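Reviewing the structure listed below.
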Amino acid sequence: MITSWIIGIIVAVVAYILFAYNSLVRQKNRAQEAWSDIDVQLKRRHNLIPNLIETVKGYASHERATLDSVTAARTQALAAQTPAQHAQAENALSSTLKSLFAVSENYPDLKSNTNFLELQRELSDTENKIQASRRFYNGVVRDFNTAIETVPSNVIASMFGFVQREFFELDDESERAVPEVKF
């Protein structure tokens, strides 16, 4: 009788360990998938920027400093590795894009250029997708980090080396806004 109780307890503990481990693996994989969604949108954003710069160059070639700052910010964003680095680089890129759109206000022909308008629309759409992907990623990371920190799954997490993931957060409320596009 006692032996069957001991065996039952051992089976229950092993079953819980397997369940908790598999749950943590699923959550970790969801977080990786969610980050991949953000990465796809960031790459789309980065790919739109050279076309936008080339379009502006045709109309505002003497605005070289603004164009160079956008290019430099894009390069830094492409080099970012961690969510924190991405957030910092994307903040800088958003700031320089605002400057680029401000420059475009001085050029009525540019503002009416079909290619420029389409690039602005695509960039705005991409910004919205980045925001949605970021919200989803941060929710998945919150759930994963909570599972790692709460008892008893924290014991399983530490046994198997699960570590917390970083949130993808923007620093300043003013930099959270989508670059304003005026017509």
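Of note:
- Between residue 78 and residue 95, the modelled label-to-label distance comes to 2.1 nm, taking each label 7 Å out from Cα in the direction of the beta carbon.
- Estimated 222 nm signal from helices in the chain, with DSSP H stretches of n ≥ 4 weighted -39500 (n - 2.57), rounded to 500: -27500 deg cm²/dmol
- Label-to-label distance, nm, for residues given as residue 166 and residue 13 (7 Å Cα→Cβ offset): 3.8 nm
- Taking the C-alpha atoms of segment 13-176, convex hull volume expressed per residue in Å³: 98 Å³
- Bridging of residue 28 to lysines at a Cα separation below 23 Å is possible for 43, 129, once same-chain residues fewer than 8 apart are set aside.
- Equivalent-ellipsoid semi-axes of segment 1-85, from the Cα gyration tensor, Å, largest first: 57, 10, 5
- Here the chain is treated with +1 on each Lys and Arg Cβ and -1 on each Asp and Glu Cβ, and its dipole about the Cα centre works out to around 440 debye.
- Over all orientations, segment 1-40 has a Cα convex hull whose mean projected area works out to 2.0 square nanometres.
- Extension gain for residue 158 to residue 64 (0.36 nm times residue separation, less C-alpha to C-alpha distance): 28.6 nm.
- Sum of side-chain charges, residue 166 neighbourhood, beta-carbon under 13 Å (Lys, Arg +1; Asp, Glu -1): +2
- Available extension along the chain between residue 21 and residue 54 is 6.8 nm, counting 0.36 nm per residue and deducting the alpha carbon span.
- Charge dipole (Cα centre; +1 on Lys/Arg Cβ, -1 on Asp/Glu Cβ; no other charges) of segment 51-143 amounts to roughly 240 debye.
- Descending by average beta-carbon neighbour count within 10 Å, the peptides 160-170, 47-57 line up as 47-57, 160-170, the highest first.
Here, each number is a calculation from the coordinates, and none is a lab measurement. Not measured: the values here are computed from a predicted model. So basically every Cβ, Gly included, is an ideal-geometry build from the backbone, and we count neighbours across all protein chains shown.
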